[in-house]
Amino acid sequence: MTRCANETDTGLGLGWTPPDPFVIRFETPRLLVRGYELTDAEAMFDAVSSSREHLLPWMMWARAAHTDAMSSAHYITTQIMALRDRAKFSNVGIGIFNKQTGRLLGGTGVHGVHRDTASAEAGYWIRTDATNQGICTESTAHLLSWALGAQVGGGLGLRRIVIYCSAANVASRRIPEKLGLRKEVEQRADYFVPGVGCTDRLGWGVLAEEWDCSQHQRKEP
Ligand SMILES: CC(C)(COP(=O)(O)OP(=O)(O)OC[C@H]1O[C@@H](n2cnc3c(N)ncnc32)[C@H](O)[C@@H]1OP(=O)(O)O)[C@@H](O)C(=O)NCCC(=O)NCCS
């Protein structure tokens, strides 16, 4: 996103490749974060359809996706297939579940993986009735530990994670702020939000050596 037009991912550089086998599953104090399964389709449709007003205008996919359980099943199938095609892997959506009840609370994921710099963007959404309980902060802290953790320990082995959002999205910008990530991007009028207009793009980044994967927090500078 913030790359130059001619800055193509050549596959050179660090030459990151996904772990093999590629399984996504980790726990936090309250949550189970795992790859979607086809049996999640009904719950996914319920979570998105009951939260559409709150997801918009920030998650534009919420306008037309997950219109019924079948379309959620289609989405989940593409996420399962993304993990199987290791040569082309660059994106995956991941489910956030209540560890006790198994209820689907939202989604997270790694997107736009660049193999030359071993970097990716993290994203998130939480269903309306589970917001403002620290769920996103908790899941994102552990997502960073998984994404930046070594592959031999079950991590993704990436070197750098970024989080972008519109400056108008006050709830979203609190997540990297609360996690103490480094603010790296402030691009004026670079992020169009329907109903709001051109807003500033904000971005935060963290490197593997800056993140304590056992304490799920940024190391002291
Ligand atoms: C952004 C989102 C994922 C946050 O999920 P969450 O589980 O509620 O997040 P947390 O509870 O961990 O933290 C939310 C923070 O935002 C704050 N917040 C929420 N709404 C707010 C508002 N309208 N104004 C100011 N602060 C707000 C909360 O007070 C909290 O901060 P605090 O802990 O300092 O009090 C959720 O609101 C969401 O799904 N939004 C729609 C989708 C989206 O915007 N995704 C990100 C796209 S970049």
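Read the figures in this text as sums done on the coordinates, not as results from a lab. Only a predicted model underlies this, so the values are computations on that prediction, with no experimental measurement involved. We place every Cβ from the backbone using ideal geometry, glycine too, and count neighbours over all the protein chains shown.
What the table shows:
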quantity	calculated
Residue that is farthest from the ligand (Cβ to nearest atom) [pool: residues in the stretch 140-173 that are farther than 16 Å from residue 215 by Cα and free of Cβ contacts under 8 Å to residues at least 40 places away in the same chain]	152
Residues satisfying the stated conditions in the stretch 124-139, i.e. more than 6 Å from the ligand (Cβ to nearest atom) and among the polar types (S, T, N, Q)	128, 139
Scan of the stretch 90-113 for residues that are touching a Leu at 6+ places or on another chain (Cβ under 9 Å) and either surrounded by fewer than 19 Cβ atoms within 10 Å (Cβ to Cβ) or in a helix (DSSP H, G or I) (or both), ordered by number	98, 99, 102
Residue pairs meeting the criteria (Cβ under 7 Å; at least 6 apart or on separate chains; first farther than 25 Å from residue 182 by Cβ, in the stretch 121-133; second of a type outside the set (Asp, Glu) and crowded, with 20+ Cβ neighbours inside 10 Å)	127/47; 127/51; 127/105; 127/106; 128/51; 130/105; 130/106
Any hit, the stretch 174-192, residues being basic (Lys, Arg), away from the ligand (no atom under 14 Å from the Cβ) and in contact (Cβ under 8 Å) with a residue 40 or more places away in the chain	no
Selection within the stretch 65-109 - out of contact with any helix residue (DSSP H, G or I) (no Cβ under 6 Å at 6 or more places or on another chain), among the aliphatic types (A, V, I, L, M) and closer than 20 Å to residue 141 by Cβ	94
Positions within the stretch 118-166 being part of a loop (DSSP other than H, G, I, E, B) and either of a type in the set (A, V, I, L, M) or under 17 Å from residue 93 (Cβ atoms) (or both), in sequence order	118, 127, 150, 156, 158
Filter result for residue 218 (under 25 Å from residue 90 (Cβ atoms) and charged (D, E, K, R))	no
Test: residue 9 is surrounded by 13 or more Cβ atoms within 10 Å (Cβ to Cβ) and assigned to a loop (DSSP other than H, G, I, E, B)	yes
Residue match in the stretch 188-195 (condition: over 25 Å from residue 96 (Cα atoms) and hydroxyl-bearing (Ser, Thr, Tyr))	yes
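So that you can scan it fast, the table gives a plain yes or no per residue for (1) more than 16 Å from the ligand (Cβ to nearest atom); (2) within 19 Å of residue 148 (Cα to Cα):
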position: 28; (1), (2): no, yes
position: 37; (1), (2): yes, no
position: 45; (1), (2): yes, no
position: 48; (1), (2): no, no
position: 70; (1), (2): yes, no
position: 85; (1), (2): yes, no
